[in-house]
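Let me begin by presenting the structure, written as structure tokens, before commenting on it.
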Amino acid sequence: MSVPETPPIRYEVADGVATVTLDRPAAMNSLTLATKVALRDALHAAAADSAVRCVVLTGTGRAFCVGQDLQEHVTGMTSDDDPYGGSSTVDDHYNPIATAIATMPKPVIAAVNGIAAGAGASMTFAADFRIVKRSAGFNTAFAAIAFSCDTGASWTLPRLVGPTRATDLLMRPRTISADEALEIGIATSVVDDDAFDDAVAALALELAQGPTLAYGAIKRAVAFSATHDLPSSLEHEGRKMALTGASADHVVAVKAFLAKEKPEFTGR
């Protein structure tokens, strides 16, 4: 009798936080077809669930994610369909994953527990916060195997570190430490290994208890302004202010401010 295969992704929701965990530690959480499908679907589930007010994306073992599973990639390159060597997995998996993270209508924390390479690094770049274990690191990796870049790295990385440094990191891939990642603007914060889990949990809880609608509007406003001029961005800001100004959380926040109390947000 065959033993059922362990799911490559764990998805858990508690206290308003959806934790999406890449769970292939023996393979450094590399991305097989099954893993990419499960990750994409888990992110879509988190986006659609009103009970989820913050998302944590992390990995198990010594890696966050090292990108495409190259064993499966080689198998695909030798097949007639070429599902892993061609563009289909970019369109079907990597692009939707990057889009789901970047446009998630609630905050996304990349809890970088170990090396993040290739598409794994790209996924962290798309998140709103990158909490990085001090022993972890980043490597774009793509050019080292004669690939371009995917999962949004060409869009997100220049916005984090500037186009000059992004080009260098993409064309001349190397592993950069957590401390260097903090210095150049990739990491939000770097935490000692023994304090990492507590730091991630504290930030996730803070965000899950915050004004979720406002967080989503801020994300959309920042993304919009990156590709629009000032007048268009001001108009867009006005629409988001009208939306959030009519929210229940805004009413609660104003009343709490006037009463010198701490507001209790519901995310609506």
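The values are calculated or read from the model by the stated rules, or taken from the named source; none is laboratory data. This structure is a prediction, so every number in the text was calculated from the model and none was measured. When we count neighbours, we look across all protein chains shown, and the Cβ atoms used for this are built from the backbone with ideal geometry, even at glycine.
Here is a yes/no grid of residues against (1) small (Gly, Ala, Ser); (2) more than 30 Å from residue 240 (Cβ to Cβ); (3) outside any strand (DSSP E or B):
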{"site": "186", "(1), (2), (3)": "no, no, yes"}
{"site": "190", "(1), (2), (3)": "no, yes, no"}
{"site": "195", "(1), (2), (3)": "yes, yes, yes"}
{"site": "201", "(1), (2), (3)": "yes, no, yes"}
{"site": "204", "(1), (2), (3)": "yes, no, yes"}
{"site": "219", "(1), (2), (3)": "no, no, yes"}
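The residue of the range 147-162 that is surrounded by the fewest Cβ atoms within 10 Å (Cβ to Cβ), among those that are of a type in the set (Gly, Ala, Ser) and closer than 15 Å to residue 181 by Cβ, is 162. Quick check, is residue 100 among the small types (Gly, Ala, Ser), surrounded by 24 or more Cβ atoms within 10 Å (Cβ to Cβ) and assigned by TED's automatic domain parsing to the domain that holds residue 18? In short, no.
Taken over the range 20-39, the criterion of being in a helix (DSSP H, G or I) and without any contact (Cβ under 8 Å) to a residue 40 or more places away in the chain is satisfied by 25, 26, 34, 35, 38.
Here residue 144 fulfils each of the conditions (1) exposed (fewer than 14 other Cβ atoms within 10 Å of the Cβ); (2) in contact (Cβ under 8 Å) with a residue 40 or more places away in the chain; (3) among the aliphatic types (A, V, I, L, M) apart from (2). Considered as a group, the residues in the range 223-233 that are in contact with a helix residue (DSSP H, G or I) (Cβ under 9 Å, 6 or more places away or on another chain) and in a helix (DSSP H, G or I) include one that is farthest from residue 266 (Cα to Cα), and that residue is 232. Residue 174 meets each of the listed conditions (1) more than 23 Å from residue 55 (Cβ to Cβ); (2) assigned to a helix (DSSP H, G or I) apart from (2).
Condition check ((1) over 29 Å from residue 209 (Cβ atoms); (2) among the hydroxyl-bearing types (Ser, Thr, Tyr); (3) modelled with pLDDT under 95) across all residues:
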position	(1), (2), (3)
97	no, no, no
128	no, no, no
140	yes, yes, no
145	yes, no, yes
152	no, no, no
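Looking only at residues of the range 59-75 that are in contact with a helix residue (DSSP H, G or I) (Cβ under 7 Å, 6 or more places away or on another chain) and outside any helix (DSSP H, G or I), we find that the one that is modelled with the lowest pLDDT is 69. Say whether the condition of being modelled with pLDDT of 95 or more and closer than 22 Å to residue 25 by Cβ is met by at least one residue in the range 79-91. No - not one qualifying residue is present in the range 79-91.
Which ones in the range 234-266 are of a type in the set (Phe, Trp, Tyr) and part of a helix (DSSP H, G or I)? Listed by number, the list holds a single entry, 257.
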